[in-house]
């Protein structure tokens with residue numbers, strides 16, 4: 001039975017949605033639809049767009065924005081907040097362990113091969129201590145809700161999770177268009193995120209840095225699908241938005257080329273994959289990248305956020321073991337549960353998955369963004385059979401999970417308010433301390449019954465409210 | 001400031017200025033084409049020549065309005081077409097998004113797709129409206145910069161880029177049309193008329209301004225004086241050079257260094273100063289124009305070198 005976030009079982013409005021309901025009734029569907037067009041025009045003008053790889057068409061597509069906010073009560077948030085911090089802490093502890101003594105592997109809790117043979121594992125990082133022992137400074141955790149008290153983690157994002165600009169812009173647009181909704185102070189603000197992010201980044205400057213650290217945001221360039229977000233965050237933090245061509249390494253320090261000559265950089269918030277960071281250390285054929293960057297990092301001349309190799313922790317095969325990590329490193333029980341996952345790499349897992357593929361959601365271990373996944377119950381028998389062949393060809397490359405009854409949130413339909421499935425991505429900041437703004441990105445599947453919320457697959461976004469009491 | 005940022009701001013302004021100047025040229029072409037005797041004057045060809053786009057006219061024979069609209073307004077393959085300039089200005093702006101204000105960005109972002117797949121006959125029919133639209137977009141952008149942009153060095157680079165492009169458009173126009181302005185005694189290729197003189201002023205939208213400065217009388221000496229050495233008319237070479245000097249001086253103060261480009265801009269400035277009161281004719285209008293073109297090109301390169309573009 002699908003949980004509707006707006007309604008009690010008997011159809012009554014849940015108390016945290018009372019304000020939203022009042023507002024919907026007061027404005028009326030036609031009124032809301034009119035404002036929706038206005039919101040879209042604002043987004044288009046500002047240029048908040050999102051490119052979708054491999055789909056052709058408009059390279060700067062707009063992510064659909066739904067006006068109706070998604071609401072969490074204070075109590076719900078407190079639990080989420082604890083669970084998110086707990087997970088972010090355990091993931092970082094695991095990364096430190098994996099690149100040092102490997103205690104959790106010695107204890108037999110995670111198979112060694114899964115770590116050391118993992119594509120995301122960076123042998124170059126072994127034995128290196130990143131400042132503050134932090135590897136993943138921004139942890140984005142994808143959470144789905146399947147019941148009033150049931151929050152489950154779909155996946156972790158430890159490299160460079162995107163989407164936080166939508167959290168900020170969605171709120172900005174809502175505040176601009178409906179100031180009345182926020183004037184009562186019911187909703188916890190999120191606009192301090194950029195300040196918290198900058199503080200976090202400065203905290204992890206190399207120990208040798210004695211000045212106010214110079215922080216930059218490294219983007220692959222304006223053709224990247226998340227470029228808007230890169231420029232937006234750099235702008236709000238007041239730091240330079242640099243491309244690889246702007247940087248060079250000399251004498252174990254990283255310098256940016258400015259009109260007044262070279263200027264030293266202390267912390268790089270990089271939005272570039274490990275592979276393309278440094279052609280000398282990683283992919284030699286990369287045209288992107290700053291030669292020597294990794295060496296400067298290991299020499300303590302600069303901090304990279306996230307650390308190379310942090311992606312190990314968000315691998316879908318490693319995901320299965322996160323609850324174990326929480327118990328092992330923190331001695332606590334996980335607050336947010338994992339979704340049962342079958343690993344096709346194991347014999348039993350493979351047998352079960354092939355037999356039940358039509359009921360399961362299957363994913364590539366290294367895939368992301370909803371690409372290359374199969375939703376069994378919604379796929380044709382031919383598609384299921386074809387996917388089964390792909391799994392047989394490379395079982396270790398796939399996992400499968402049950403099809404979840406994702407909760408639904410109110411969404412503006414053609415002539416009425418409809419219920420659509422949604423997920424949630426909060427952004428946990430990890431520096432010398434952990435920081436989490438009360439909110440995140442709610443993604444919603446705009447097609448009736450659809451469970452795929454990825455913006456690359458036609459999903460939309462909404463504002464997310466955490467009520468103050 | 002990042003050198004790449006400075007370079008992008010510089011080029012963004014150049015591309016936008018180029019789009020606008022080209023739009024003004026098209027207005028002049030249209031006006032001239034409907035005047036008596038236009039056929040033999042081949043006014044549209046001189047429009048192509050001024051913009052350096054004559055090679056794009058490959059079919060031979062006289063140049064028609066349709067040819068020019070295709071080449072200078074729509075052609076995405078021609079880097080100097082208005083279409084290309086708007087797309088590139090926007091690409092420059094996008095890669096330095098954080099250095100633009102919201103309003104500046106919106107002005108750029110609204111412009112760039114206008115001519116995607118625009119039909120030729122449609123464009124010819126609506127030409128005056130399209131030209132106005134281009135000029136308005138440029139004005140909105142400039143207005144947004146005027147009242148909202150931080151006066152950091154990025155603003156200086158942007159203004160220098162715009163001033164160089166504007167000066168060069170005026171210089172190229174004079175380079176192509178200099179014979180129109182020769183003293184009556186050494187006329188090249190037959191008699192000239194009132195229309196030819198005014199065409200030069202129309203191309204720079206300067207006819208009203210000219211009247212204010214010189215009264216209703218047209219004379220080649222006054223027109224060339226107006227376009228070269230007058231320091232009040234914003235499309236004159238002297239005015240643009242004043243702008244360059246002002247912003248280059250700000251850069252020198254900010255960086256504490258005088259570079260080669262500062263020497264070159266002074267050289268252009270003195271050249272124009274020496275050309276006042278008709279002296280430009282004694283030295284040769286055409287020679288002076290060519291010298292100015294050469295120096296401004298050199299200066300643009302020197303700016304790129306001095307600030308590590």
Looking at (1) buried (at least 20 other Cβ atoms within 10 Å of the Cβ); (2) within 14 Å of chain A (Cβ to nearest Cβ), which is the only condition residue B:252 fails? (1)
Please return the ranges of helices (runs of 4 or more DSSP H) entirely within the stretch A:277-334 where 1 or more residues are out of contact with any helix residue (DSSP H, G or I) (no Cβ under 6 Å at 6 or more places or on another chain) and at pLDDT 95 or above. A:293-298, A:322-325
Restricting the stretch A:342-352 to residues that are out of contact with any helix residue (DSSP H, G or I) (no Cβ under 7 Å at 6 or more places or on another chain) and surrounded by 15 or more Cβ atoms within 10 Å (Cβ to Cβ), the one modelled with the lowest pLDDT turns out to be A:349
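Of all residues being outside any helix (DSSP H, G or I) and touching a residue at least 24 places away in the same chain (Cβ under 8 Å) in the stretch B:278-309, which is farthest from the chain's Cα centre (by Cα)? Just the residue, please.
Once the filter is applied, the top-ranked residue is B:308.
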Conditions (1) on the phi > 0 side of the Ramachandran plot; (2) assigned by TED's automatic domain parsing to the domain that holds residue A:426; (3) in a loop (DSSP other than H, G, I, E, B); number of the one not met by residue A:190: (1)
Just the residues that are modelled with pLDDT under 90 and at positive phi, please, taken from the stretch A:16-51. A:47
Considering only residues that are within 12 Å of another protein chain (Cβ to nearest Cβ) and either within 17 Å of residue B:88 (Cα to Cα) or without any contact (Cβ under 8 Å) to a residue 40 or more places away in the chain (or both), which ones fall in the stretch A:210-223? A:221, A:222, A:223
So, in the stretch A:224-261, how many residues would count as being assigned to a loop (DSSP other than H, G, I, E, B), in contact with a strand residue (DSSP E or B) (Cβ under 7 Å, 6 or more places away or on another chain) and within 11 Å of another protein chain (Cβ to nearest Cβ)? 1
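The values are calculated or read from the model by the stated rules, or taken from the named source; none is laboratory data. Computed from a predicted structure; not experimentally measured. Counting neighbours? That spans all protein chains shown, and the Cβs are built from the backbone with ideal geometry, glycine included.
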